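The values are calculated or read from the model by the stated rules, or taken from the named source; none is laboratory data. Model, not experiment: these values are computed from the prediction. As a convention, Cβ positions derive from the backbone with ideal geometry for all residues, glycine included, and neighbour counts pool all protein chains shown. When the accessible area is computed, the model is the full protein with side chains, heavy atoms only, and any ligands, DNA or RNA have been set aside. Shrake-Rupley method; radii C 1.70, N 1.55, O 1.52, S 1.80 Å.
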Amino acid sequence: EDFYNLSNQYIETAKSSLFTIFFGSNFYFLNTGDNYWTQLNLKELHHTWSLAIEEQFYLIFPIFFIFILKYLNKYTLFIIISGIIISLSISDIASRIVPDINFYIIITRIWELLCGVLIALIKSKNKIKLNPTFNELILVISLMVILGSLLFFDNHIRHPSIITIFPIVGTMLLILF
């Protein structure tokens, strides 16, 4: 029986490796029916689900962004902010209805990555120098928000959802200031 369990583990690792190579491990782990928090230490490549979402974003978004810059340039900021709001809204609703699916799919995570795009847009268009004291205050607040999220978020918090905005905005402020 131990040999059988060991061979099953090799097969599972091989499958997850294959999905990881092709940036689809988020779909693989979603389809195994496992809750992320219960499987955290049981699967060697479970952490690659987030890398898969990032790679999916990096493959799709540049094409979309080039189209925006070429044909809708004056609406770029509006489109990015709308994307953030729509994805965050879907994420919050899905966190109540289908939490496991919500955790693993790009549509409910894309708002987090679009926040990074928003930072890049803000930094590229604004060269404003702010008061150093104000910058330090914002840095302290952003660190407090991030640390607060680490302290108060656990596996009972619906995530991603509207509550996830706290560590994301804290990180955005940290990067911006």
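Brief remarks follow.
- Test: residue in segment 89-107 that is out of contact with any strand residue (DSSP E or B) (no Cβ under 9 Å at 6 or more places or on another chain) and within 23 Å of Leu174 (Cα to Cα): no
- Screening segment 119-129 for residues that are open to solvent by less than 90 Å² (accessible area, probe 1.4 Å) and among the aliphatic types (A, V, I, L, M) and picking the one that is modelled with the lowest pLDDT gives Ile122.
- Scan of segment 95-115 for residues that are without any contact (Cβ under 8 Å) to a residue 24 or more places away in the chain and either open to solvent by less than 60 Å² (accessible area, probe 1.4 Å) or not β-branched (Val, Ile, Thr) (or both), ordered by number: Val98
- The residue list Leu18, Leu6 contains one member that is modelled with pLDDT of 85 or more and open to solvent by 70 Å² or more (accessible area, probe 1.4 Å), which is Leu18.
- Residue, modelled with the lowest pLDDT, within segment 143-159, restricted to residues that are closer than 22 Å to Ile110 by Cβ and in a helix (DSSP H, G or I): Ser149
- For segment 30-65, the candidate set comprises residues that are among the hydroxyl-bearing types (Ser, Thr, Tyr) and open to solvent by 70 Å² or more (accessible area, probe 1.4 Å); within that set, the residue that is modelled with the highest pLDDT is Tyr58.
So that you can scan it fast, the table gives a plain yes or no per residue for (1) at pLDDT below 95; (2) under 30 Å from Trp49 (Cβ atoms); (3) open to solvent by less than 80 Å² (accessible area, probe 1.4 Å):
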| position | (1), (2), (3) |
| --- | --- |
| Ile84 | no, yes, yes |
| Ile93 | no, yes, no |
| Val117 | no, yes, yes |
| Asn131 | yes, no, no |
| Phe134 | yes, no, no |
| Ile138 | yes, no, yes |
| Ser161 | yes, yes, yes |
| Val169 | no, yes, yes |
